[in-house]
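The values are calculated or read from the model by the stated rules, or taken from the named source; none is laboratory data. Since the model is a prediction, treat every value here as computed from it, not as a measurement. When we count neighbours, we look across all protein chains shown, and the Cβ atoms used for this are built from the backbone with ideal geometry, even at glycine.
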């Protein structure tokens, strides 16, 4: 029956030595997804059994490989000319400790998961959180509505309710967020870190009396808004869901843009510093949620230098701040080295990427796009080489239009749901993210991986909590590249890095 199902779904990609294999469906121009439904879904290796004196490598490529497994052994000698690109790994030179990887449980994600049969729902969540899936360990949770909701809302829409007597979680929390977060935790063998972010305060607290558009928080509601955060953490704690961190505001710059199309609220860097110093920080500190970390900014990388300089040199604010949250959408406007500069200036404050997606300008889904996966890998390698401690994707599941989204701000996602057929599609973005999340769990540490000429091979290296060395290589070239990795403790590792491929190596 399984073979029949695979034949119906499309091509069967051979060569995955561990787990169920990809049921491929092609869309032309090298675009391919892996199809899952209620009865079948490909899986990833649940453990890495590294051979003595050897290594394991997993390859995904534009040519159709998905976690194709290769086992190899180290060589004792290396001669110049043996490889086009030569790397040297040094486990003694270490950098940042990693928090991990994940995605957002938006209303839209939950709605799409719920649109599937129960068995297919299970397969979506296993794909992301189970040991034979991506093993995500971070989940971003919108505090009330975002654009990826079917309507704009808050948890207290009763005007003037400064005591928050009418505060209550929404139907979306009860139906589409909480159950699936709980299931993710149940499936996961790692410690899942939840962090929140609000898109807008209730309309009655804002200067423009709207969820969207250009509007800021009225000063008379600064304390009420801090109390609102506490009520949110309390409500989720009653469901035995406890938050690791929060940001004061999603994309605070959006709230200054006239006619901005979806939920937003504006903060300047000075304003955020003041509110954290005098309201959110003290309110959290005096509550049962004093262990919730505050991550400032939650906006685009070009803003980070000025934002960090203003907020983190304010001693009253900085004492409450643990991290800086960053979005990827304008990364092309600034060099990744700006992240290292901020780290060097404020080494005790971690850097975390908290939102990314493709399709933000095209507003559409590109089924099977390998290029979209490459863009994810390129960004992750660049930013982790500049002190970033983790990378969290946007919606974990969307429909074929890239929604639902009440503002028609449709985008792409690693998993696309076709509710009519009761199936979902794992895109190249899904597998690319797994090349990091599977191999770099919380507690991993980046190490030095150096080269004099990488031949265009992007690269990063880590040591995981078990002491394994992890190497990740991305080849965006149209030709393969032969590579050698020198390790003083093990010998020489030789690889052929295929054209348009990503490879994760562990030993």
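Here is a yes/no grid of residues against (1) touching a strand residue (DSSP E or B) at 6+ places or on another chain (Cβ under 7 Å); (2) under 24 Å from residue 99 (Cβ atoms):
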site: 229; (1), (2): yes, yes
site: 235; (1), (2): no, no
site: 251; (1), (2): yes, yes
site: 257; (1), (2): no, no
site: 261; (1), (2): no, no
site: 265; (1), (2): yes, no
site: 268; (1), (2): no, no
site: 279; (1), (2): no, no
Hey, residue 201 within 30 Å of residue 100 (Cα to Cα) and either surrounded by 23 or more Cβ atoms within 10 Å (Cβ to Cβ) or in contact with a helix residue (DSSP H, G or I) (Cβ under 7 Å, 6 or more places away or on another chain) (or both) or not: yes
Name the strands (runs of 3 or more DSSP E) wholly within region 75-145 that hold at least 1 residues that are at pLDDT 95 or above and either under 30 Å from residue 480 (Cα atoms) or more than 22 Å from the chain's Cα centre (by Cα) (or both)? 85-97, 100-104
Just to be sure before I move on: is residue 428 outside the structural domain of residue 30 (by TED's automatic domain parsing) and either within 22 Å of residue 60 (Cα to Cα) or touching a helix residue (DSSP H, G or I) at 6+ places or on another chain (Cβ under 9 Å) (or both) in the structure I sent? yes
Taking region 275-289 and keeping residues part of a loop (DSSP other than H, G, I, E, B) and either outside the structural domain of residue 234 (by TED's automatic domain parsing) or more than 27 Å from the chain's Cα centre (by Cα) (or both) leaves 286, 287, 288
Which condition number in (1) within 18 Å of residue 382 (Cβ to Cβ); (2) surrounded by fewer than 18 Cβ atoms within 10 Å (Cβ to Cβ); (3) touching a residue at least 40 places away in the same chain (Cβ under 8 Å) is the one that residue 439 fails? (2)
Look at residue 162 and say whether it is in a loop (DSSP other than H, G, I, E, B) and closer than 22 Å to residue 283 by Cβ. yes
Sort through 322, 340 and tell me the only one that's surrounded by 15 or more Cβ atoms within 10 Å (Cβ to Cβ), part of a helix (DSSP H, G or I) and out of contact with any helix residue (DSSP H, G or I) (no Cβ under 9 Å at 6 or more places or on another chain). 340
Subset of region 373-385, residues without any contact (Cβ under 8 Å) to a residue 60 or more places away in the chain and either surrounded by fewer than 21 Cβ atoms within 10 Å (Cβ to Cβ) or not assigned by TED's automatic domain parsing to the domain that holds residue 301 (or both), comes to 375, 379
Residue pairs, Cβ under 8 Å, 6 or more apart or interchain, first in region 311-331 and outside the structural domain of residue 291 (by TED's automatic domain parsing) and at positive phi, second modelled with pLDDT of 95 or more and surrounded by 24 or more Cβ atoms within 10 Å (Cβ to Cβ). List them. none
Restricting to strands (runs of 3 or more DSSP E) lying wholly in region 393-507: which have 3 or more residues that are within 30 Å of residue 122 (Cα to Cα)? 415-418, 423-426, 501-506
